[in-house]
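Following: one structure in structure tokens, then a few remarks.
The values are calculated or read from the model by the stated rules, or taken from the named source; none is laboratory data. A quick note: this is a predicted structure, and the numbers were derived from the prediction, not measured. Neighbour counts are summed over all protein chains in view; Cβ atoms, including those assigned to glycine, are modelled from backbone coordinates with ideal geometry.
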Amino acid sequence: MNRDDIIDAHAMALELGAWASGETRAYRVTDVATKAHPADLVTELDRGIERHVRAVVGARFPEHAFVGEEYGGTAAPDRPTWYLDPVDGTTNLANGVPWTSFSLALAIGDRPLLGVVADPWRGIVFDALAGEGARRNGEPLLVGDTAVLQGGVVSTELAGHEPWLGMHEFSRALTERFCTLRVMGSGTLTLLGPAAGRGSAAVVHRFSPIDHLAAVLIAHEAGAVVLDEQGSRSLFPRTGGVLVAAPRVADEAFSVWAHARALAASAPESAAASSHAQFPEAATHV
């Protein structure tokens, strides 16, 4: 893509994010269906937003590939690919919890070009162009200067509707540091959180470009540290999870995460059992 095409795509993505926010706020849940399991929900809003975004993108960039949460698709390694989650946090939406997001990113291979995340319930649209910084409602967005985990908030998400292996150990280690763990139900907003001033670090157990690419690009462009499970800086991990943190707490947060996973891996049966004991309400979150 040339520079003009990227600028055009960015403007289009911003318009789609603003439009999706309005649609989400106006939506009234009347029917909820399930997909893979009873806690994997979908509404007509999810499908309707994705259909509209696909139509708009396809009309402007018919040569681009498209991968969406509701209608799938295949990424193209050598040409631009769009990644969309129309409503990240559908379980929240279906249950009246105003914490969902719209996520749209464009990449070529593992190189993100732009990202837009809309937080409809707070009237915020975040965006970034690779190498050009991040913005919140058009104003520059910069990560905070948090220096310690103590007294702070770290966010994570469940693995589907269950705790991920090591989540119990992760929670315990944070508790020992007087740091609070939050599970809010939208991986997009969770990973964007440290850059948006919502906590000092965030972890998801499995990176998905549909849900997370826009958020990690925006966080990176805002100055946050983005690490894969090996501790390498990566905006597009091919396997495993991803951590986003304010720069001064990134090393400590990664150490806690890595140690928790190592402990759980060394005793998976006991770790899984203890996770369920620690988080008996887990089935209510996705």
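One residue stands out among those in the range 83-105 that are among the polar types (S, T, N, Q) and not in a strand (DSSP E or B): the one that is nearest to LEU235 (Cα to Cα), which is THR100.
Looking at the structure I just gave you, is LEU142 modelled with pLDDT of 95 or more and either buried (at least 17 other Cβ atoms within 10 Å of the Cβ) or not hydrophobic (A, V, I, L, M, F, W, C) (or both)? Criteria not met by LEU142.
Is it the case that the range 160-180 has a residue that's of a type in the set (D, E, K, R), outside the structural domain of ASN95 (by TED's automatic domain parsing) and under 16 Å from the mean Cα position of the chain (by Cα)? No, the range 160-180 contains no residue that is of a type in the set (D, E, K, R), outside the structural domain of ASN95 (by TED's automatic domain parsing) and under 16 Å from the mean Cα position of the chain (by Cα). Annotation note: of ARG248, ARG206, the sole residue that is basic (Lys, Arg) and assigned to a loop (DSSP other than H, G, I, E, B) is ARG206. Inside the range 38-58, residues that are assigned to a helix (DSSP H, G or I), surrounded by fewer than 18 Cβ atoms within 10 Å (Cβ to Cβ) and not β-branched (Val, Ile, Thr) make up a count of 7.
Of all residues assigned to the range 176-193, none qualifies as being in contact with a Gly (Cβ under 6 Å, 6 or more places away or on another chain) and either within 19 Å of ALA130 (Cβ to Cβ) or part of a strand (DSSP E or B) (or both).
Of the residues examined, VAL154 is one that is under 19 Å from the mean Cα position of the chain (by Cα), hydrophobic (A, V, I, L, M, F, W, C) and either not assigned by TED's automatic domain parsing to the domain that holds TRP257 or not in a helix (DSSP H, G or I) (or both). Taking the range 83-101 as the range and being of a type in the set (S, T, N, Q) and buried (at least 24 other Cβ atoms within 10 Å of the Cβ) as the test, the residues that pass are THR90, THR100, SER101.
Here's the yes/no breakdown for (1) surrounded by fewer than 17 Cβ atoms within 10 Å (Cβ to Cβ); (2) more than 19 Å from the chain's Cα centre (by Cα); (3) on the phi > 0 side of the Ramachandran plot; (4) assigned to a loop (DSSP other than H, G, I, E, B):
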| site | (1), (2), (3), (4) |
| --- | --- |
| ASP4 | yes, yes, no, no |
| ALA36 | yes, yes, no, yes |
| PRO62 | yes, yes, no, yes |
| THR81 | no, no, no, no |
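For the range 167-182, a tally of residues being aromatic (Phe, Trp, Tyr) and either without any contact (Cβ under 8 Å) to a residue 60 or more places away in the chain or surrounded by fewer than 23 Cβ atoms within 10 Å (Cβ to Cβ) (or both) returns 1.
Of the conditions (1) surrounded by fewer than 22 Cβ atoms within 10 Å (Cβ to Cβ); (2) under 30 Å from GLY96 (Cβ atoms); (3) at pLDDT 95 or above, PRO247 clears all except one; give me its number. All conditions pass for PRO247, except number (2).
Okay, residues lined up against (1) over 25 Å from VAL87 (Cα atoms); (2) in a strand (DSSP E or B):
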site	(1), (2)
GLY144	yes, no
LEU165	yes, no
HIS168	yes, no
ALA196	no, no
ALA202	no, yes
ALA214	no, no
GLY231	yes, no
ARG238	no, no
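Just so you know, in the range 96-147 the residues that are in contact (Cβ under 8 Å) with a residue 24 or more places away in the chain and among the acidic types (Asp, Glu) include one that is nearest to ALA219 (Cα to Cα), and it is ASP127.
Taking MET167, is it under 30 Å from PHE66 (Cα atoms) and of a type in the set (A, V, I, L, M)? No: the conditions fail for MET167. With the requirement that a residue be over 16 Å from PHE126 (Cα atoms) and in contact with a His (Cβ under 9 Å, 6 or more places away or on another chain), what does the range 10-28 give you? Passing the criteria: only GLU23. Comparison of GLY185, GLY197 shows that the only residue that is of a type outside the set (Phe, Trp, Tyr), under 25 Å from GLY96 (Cα atoms) and touching a residue at least 60 places away in the same chain (Cβ under 8 Å) is GLY185. Scanning the range 218-236 finds no residues that are within 19 Å of SER186 (Cα to Cα), modelled with pLDDT under 95 and among the small types (Gly, Ala, Ser).
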